[in-house]
1. Looking at region 119-130, is at least one residue over 26 Å from the mean Cα position of the chain (by Cα) and not assigned by TED's automatic domain parsing to the domain that holds SER170?
2. Pull out all pairs, ordered by first then second residue, where Cβ-Cβ is under 8 Å, the residues are six or more apart or on different chains, the first lies in region 404-415 and is within 22 Å of GLY136 (Cα to Cα), and the second is away from ligand 2 (no atom under 14 Å from the Cβ) and charged (D, E, K, R).
3. Where the second residue is surrounded by fewer than 24 Cβ atoms within 10 Å (Cβ to Cβ) and polar (S, T, N, Q) and the first is in a loop (DSSP other than H, G, I, E, B) and lies in region 334-346, which pairs have Cβ atoms under 7 Å and are six or more apart or on separate chains?
4. Quick test for you: out of ILE27, ILE41, pick the one residue that is surrounded by fewer than 22 Cβ atoms within 10 Å (Cβ to Cβ) and either at pLDDT 95 or above or in contact with a Lys or Arg (Cβ under 8 Å, 6 or more places away or on another chain) (or both).
5. Let me spell it out: the conditions are (1) farther than 30 Å from VAL379 by Cα; (2) out of contact with any helix residue (DSSP H, G or I) (no Cβ under 9 Å at 6 or more places or on another chain), and HIS11 meets all of them except one. Which number is the exception?
6. Please specify each residue of region 2-22 satisfying the condition of being assigned to a loop (DSSP other than H, G, I, E, B) and in contact with a Lys or Arg (Cβ under 7 Å, 6 or more places away or on another chain).
7. Sort through ARG428, ARG418, ARG378, ARG383 and tell me the only one that's within 12 Å of ligand 1 (Cβ to nearest atom) and within 21 Å of the chain's Cα centre (by Cα).
8. Could you check, for region 311-323, whether at least one of its residues is hydrophobic (A, V, I, L, M, F, W, C) and within 18 Å of the chain's Cα centre (by Cα)?
Amino acid sequence: MARLTFRGGVHPYDGKDLSKDKPMKTIIPKGDMVYPLSQHIGAPAVPMVKKGDRVLVGQKIADAGGFVSAPIYATVSGTVKAIGPRRVVTGDMVNSIIVDNDGLFEEVEYTSHNPEKLEKKEIIELIKEAGVVGMGGAGFPTHVKLSPKEPEKITYVIANCAECEPYLTSDYRRMIEEPQKLVDGLKIILRLFDNAQGVLAIEDNKPDCIELLSGLVANEERITVKALKTKYPQGAERQLIYAVTGREINSSMLPADAGCVVDNVDTIVAVYHAVAEGKPLMNRIVTVTGDAVNEPRNFYVKIGMNYNDLIEEAGGFKTEPQKVISGGPMMGFALFDLNVPTTKTASALLCLTKDEVSETEEGPCINCGRCVEVCPGRVVPSRLADMARRHDEEAFVANDGMECCECGCCSYICPAKRQLTQSIKSMRKTVLNNRKNKK
Ligand code: SF4
Ligand code: SF4
């Protein structure tokens, strides 16, 4: 089988052995559940309940606030305690619905469907109604992604099974424990695109997943498994599309412009639940890991649960963590408060010890060129970071600063420990905000 890859990239310590071989464990939530109304890209959801209302598991408690938005569902039964601002992983205060969990888990009834008998628009409507969003971190509403202007021009639906971010093993566990749901979810998405073939794109450090899924799709005419070379950021959208199809996209293009739709493992399984079982998005898998926790593993988590409860289920802290990151070490962000809820996009909680965190002071650039060598965005990170620090937006854009995918490779490789990604990322945010304000 061909091994596919892209230009640039790095090979950081992957830390996956900490959690990859332990089966997923379901956590039963105990305390209050917090549902932020913004846990997706687009308009915030609009509450459909008020203080004092009783809610059931699977009941819609907030409706989509527009086409680019997603509804939110209760994941426990109980009483709405309040609707008001609560802190989320980014540190921002976000309007949220708080439910007093009664521990009974009384549930609504769901209507299952035979996906083969559904029209395309019915499939899209079920995905939209279930509140499915990109669960790899972006949170883009999936029904919008699956509704490109010219669906007949989509020739690839790529299941992003790379899981290239160090320490994360939730996709791995999902592929090992529930591979059929992934295949069935992909088949549902393929029903929307008559001219597309499905590709399960997996890094070659997961040979067991490659073997298992290859066996499952052996008789599926429209689905193949492709083994990708193990290299970070193999799972970044642009790099993945290039590795699988040889097609290139830039920051002003969408995957659909290259005839591709890309969805991650959890999202595709959520599509399966939404369409085949009629169940809304209520759960996700979260990797709780790092040397600072006693029992790193993957948890099957109800959205709305407090991060502190996840740490408790992982046996608590072995030692005081030097740094706690929401997500992986390359693209995640540092957390300053664990008293925040799990959302649709929360993939991991990484608790690093002092030994795992590099505390070296930033030094001056020695012009070694290593950041340029590893940059998959084909830009000059050292120069862009200088422009960002000078707030020179014009030069930043002219030097293709918007082509950066914020992968973190440049900061990782820099011997002077320059915080290149951080500077570039904040400049990109400024440019995007300024563009939005000009509209
Ligand atoms: S400049 Fe951006 S794309 Fe290039 S290595 Fe740095 S973070 Fe990655
Ligand atoms: S890797 Fe660091 S030291 Fe080397 S050129 Fe880039 S910014 Fe300068």
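The values are calculated or read from the model by the stated rules, or taken from the named source; none is laboratory data. Since the model is a prediction, treat every value here as computed from it, not as a measurement. For neighbour counting, all protein chains shown are included, and Cβ atoms are generated from backbone atoms with ideal geometry for every residue, glycine included.
1. no
2. Qualifying pairs under 8 Å: CYS404/LYS425; CYS404/ARG428; CYS405/GLU237; CYS405/ARG238; GLU406/LYS425; GLU406/ARG428.
3. Pairs that qualify, where the first residue is in a loop (DSSP other than H, G, I, E, B) and the partner is surrounded by fewer than 24 Cβ atoms within 10 Å (Cβ to Cβ) and polar (S, T, N, Q), are LEU338/ASN308; ASN339/ASN306; ASN339/ASN308.
4. Values: ILE41 fails: either at pLDDT 95 or above or in contact with a Lys or Arg (Cβ under 8 Å, 6 or more places away or on another chain) (or both).
None of the others qualify; the one that does is ILE27.
5. Going through the list (1) farther than 30 Å from VAL379 by Cα; (2) out of contact with any helix residue (DSSP H, G or I) (no Cβ under 9 Å at 6 or more places or on another chain), HIS11 breaks only (1).
6. Within region 2-22, ARG3, THR5, GLY9, HIS11, SER19, LYS22 qualify.
7. ARG428
8. No, region 311-323 contains no residue that is hydrophobic (A, V, I, L, M, F, W, C) and within 18 Å of the chain's Cα centre (by Cα).
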